[in-house]
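Quick one: structure below, then a few questions.
The values are calculated or read from the model by the stated rules, or taken from the named source; none is laboratory data. Source: prediction; values computed, not measured. Positions of Cβ are backbone-derived with ideal geometry, glycine not excepted, and every protein chain shown enters the neighbour counts. Protein only, heavy atoms only, side chains kept; ligands, DNA and RNA dropped before computing areas. Shrake-Rupley method; radii C 1.70, N 1.55, O 1.52, S 1.80 Å.
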Amino acid sequence: MAKPTIRFRGFDDEWEQRKLGELVGIYDGVHQTPEYQDSGIMFLSVENIATLKSEKYISEEAFERDYKVYPEKGDILMTRIGDVGTTNVVETAEKVAFYVSLALLKPNGIDAYFLSNAMKTNVFQKGLRERTLVTAIPQKINKDEIGKIDIFITNNDEEQQKIGAYFSNLDHLITLHQRKCDETKKLKKYMLQKMFPQNGSKVPEIRFKGFTDEWEQRKLIEVCDYVDYRGKTPTKTEDGIFLVTAKNVKDGFIDYETSKEYISENAYEEVMRRGKPEIGDVLITTEAPCGNVAQVNKADIALAQRIIKYRGHIGVVDNTYLKHYLLSPEFQKILNAKSSGGTVQGIKGSILHQQKIIYPSYEEQKKIGQHMDSLDNLITLHQHKCEELKKLKKFMLQNMFI
């Protein structure tokens, strides 16, 4: 008998340990791959667990033949082959078919959202791992083993419902922000294709009102100052000046979290003697990976080899516009055509500098850059909200359950 750390006010009863099989009925999906068709009954498999949505369908006749028991609203589906132990609650009232890679759990008088999240806790997942055939390829848990796993629950229906509703709301918020993030990424991709001229054209398909002039085309070296950071990378230190490597240059931003490396101030002065990066400068990687772009947003950072820094001539090329143009499908296509190498593709700085970029008036460039940055800011906002909510959910799973 035990109690969780965090509870809703008014609940103080001990929780009890039960076997999952005492709380749910457990059922198998079909073992054979069905004949798919364009419409009919939606067919779910392990890869659909996050959304419980699929573009695969089976006929009504096949469904009636193969499914005496099938998922209904309020049931739980759990992955059991490959990915083992991920759960989701069925929210549709329509008929749904499912493959053997999923187990169907039909709750017996217990809140589905409460139970689904209780199954995400460390205690349950540990029990799941102990009964999983990890030597199988892919790993799996047999259906009959699922019901033998221990799980802690409250028997108070009202407490179950409150906890279940809390986590359901968290999941919906995470889904909302993830959807907004994905939609904005699609919009940005579309605008990168449409707001820059394609296939030799001198004007884009979409542009801001009031701009009609043809765009100019010049070599990078003619409209930008540059520094090509080559040579031996200095010895790393535990702290000091942050060293931006090719791994840190991503999607228009410098990623300061994935890879953290530092060099001493003395090494910094030596490496940066040809030109220190300034806020607004545009970086592009030349190898491992090739063609990633970011804009400098912090002073006093060092740049490693395989990075070239560009700074547009004032009044000619706006740096923010340049960043987004280098990320555009048109320029990336040029870059891919000019790069060389086997597994690791790369491009020489001398070749990159000679590549032509196309640009409108300085005023129009600034509008394009601001518009693209606003999309990036929206993407970042929704990503951060998603990460914060996921951290909150992880914390609450650890503290609102046993």
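Taking 0.36 nm per residue of separation and subtracting the Cα-Cα distance, what length does fully extending Asn266 through Thr233 add?
Extra length from Asn266 to Thr233 when fully extended: 10.6 nm.
Heavy atoms only, probe 1.4 Å: what % of the accessible area of the stretch 260-396 goes to carbon and sulfur, would you let me know?
The value for the stretch 260-396 is 50 percent carbon and sulfur by accessible area.
Using 1/(1 + (r/R0)^6) with R0 = 25 angstrom and r between the beta carbons of His384 and Ile6, what's the FRET efficiency to the nearest 0.05?
It comes out at approximately 0.55.
Mind checking which aspartates and glutamates have their C-alpha under 19 Å from Lys236, skipping anything on the same chain fewer than 8 residues away?
The reachable aspartates and glutamates, counting only those whose Cα sits under 19 Å from Lys236, are Asp255, Glu257, Glu261, Glu265, Glu269, Glu270, Asp300.
Let me ask another. Around Gly25, which amide H atoms from residues at least 5 apart in sequence, or from another chain, sit under 5 Å from its own amide H, with H modelled in the peptide plane?
Result for Gly25 returns Lys106, Asn108.
Enter the Cα centre distance for the pair the stretch 333-402 and the stretch 34-51, rounded to the nearest angstrom.
One Cα centre to the other: 33 Å.
Check Asp281: other-chain or 5+ apart residues with amide H under 5 Å from its amide H, H built from backbone geometry?
It is Val296, by chain and number.
Then there's this: In terms of modelled amide H atoms, which long-range or inter-chain residues lie less than 5 Å from the amide H of Phe253?
Placed amide hydrogens put Gln295 under 5 Å from Phe253.
In addition: Putting +1 on Lys and Arg Cβ atoms and -1 on Asp and Glu Cβ atoms, find which of Thr92, Ile49, Phe8 reaches farthest to the positive end of the dipole of the stretch 1-107.
Phe8
Turning to a different aspect of this structure: In whole Hz, with x marking every Gly and Pro, tabulate ³J(HN,Hα) for the stretch 295-302 from phi via Karplus 6.51 cos²θ - 1.76 cosθ + 1.60, θ = phi - 60°.
10, 5, 10, 9, 7, 6, 10, 9
With each pseudo-label sitting 7 Å past Cα toward Cβ, what's the Gln305-Ala93 distance in nm, one decimal?
In this crude label model, Gln305 to Ala93 measures out at 6.6 nm.
Beta carbons within 10 angstrom, averaged per residue: use that to sort the peptides 314-326, 38-50, 179-191, highest first.
Ranking the peptides 314-326, 38-50, 179-191 by packing returns 314-326, 38-50, 179-191.
Taking 0.36 nm per residue of sequence separation and subtracting the Cα-Cα distance, how much length would be gained by fully extending the chain between Gln125 and Ser39, in nm to one decimal?
Gain on extension, Gln125 to Ser39, equals 27.4 nm.
Give me the accessible area per residue for the stretch 144-295, probe 1.4 Å, as a whole number in Å².
About 56 Å² of surface per residue is accessible.
Expressed as a whole percentage, what fraction of the accessible surface of the stretch 138-201 belongs to carbon and sulfur atoms when a 1.4 Å probe is rolled over the protein heavy atoms?
That share works out to 48 percent.
For the stretch 26-130, what is the accessible area per residue in Å² when the probe is 1.4 Å?
The answer is 49 Å² per residue.
Kindly write out, for the stretch 249-265 in residue order, the coupling ³J(HN,Hα) from the Karplus curve 6.51 cos²θ - 1.76 cosθ + 1.60 (θ = phi - 60°), rounded to whole Hz, with x marking Gly and Pro.
8, 8, 6, x, 10, 8, 8, 8, 10, 4, 10, 10, 10, 9, 10, 6, 5
What FRET efficiency would be calculated for the residue pair Gln217, Gln370, taking the C-beta separation as r and a Förster radius of 22 Å, to the nearest 0.05?
Approximately 0.45, to the nearest 0.05.
If Lys and Arg each add +1 and Asp and Glu each add -1, what is the summed charge of the other residues whose beta carbon sits under 14 Å from the beta carbon of Ser339?
+3
Would you kindly derive the ³J(HN,Hα) couplings of the stretch 141-156 from the backbone phi angles with the Karplus curve 6.51 cos²θ - 1.76 cosθ + 1.60 (θ = phi - 60°), listing them in order in whole Hz, with x for Gly and Pro?
10, 5, 4, 5, 7, 4, x, 8, 7, 6, 8, 9, 9, 8, 8, 7
To the nearest 20 Debye, how big is the dipole of the chain about its Cα centre, given +1 on the beta carbon of each Lys and Arg and -1 on that of each Asp and Glu?
The calculated dipole for the chain is roughly 1100 debye.
Let me ask you something else. Is there a quick way to get the dipole size of the stretch 73-158? I mean about its Cα centre, with the Cβ of Lys and Arg at +1 and of Asp and Glu at -1; what is the value in debye to the nearest 20? Can you show the working numbers first?
Working: 11 positive and 11 negative charges, 77 e Å.
About 380 debye.
When the Cα centres of the stretch 189-234 and the stretch 59-102 are compared, how far apart do they sit, in Å?
When both Cα centres are located, 50 Å separates them.
What nm distance separates the two modelled labels at Asn142 and Ser340, each placed 7 Å from Cα along Cα→Cβ?
Result for the modelled spin labels: 6.0 nm.
Mind ranking 347-355, 251-259 by how tightly packed they are, going by the mean number of other C-beta atoms within 10 angstrom, highest first?
Numbers: 347-355: 16.1, 251-259: 13.8.
Result, highest mean Cβ count within 10 Å first: 347-355, 251-259.
Name the residue farthest towards the positive end of the dipole of the chain from the options Phe196, Gly25, Pro138, assuming +1 on Cβ of Lys and Arg, -1 on Cβ of Asp and Glu, about the Cα centre.
Farthest towards the positive end: Phe196.
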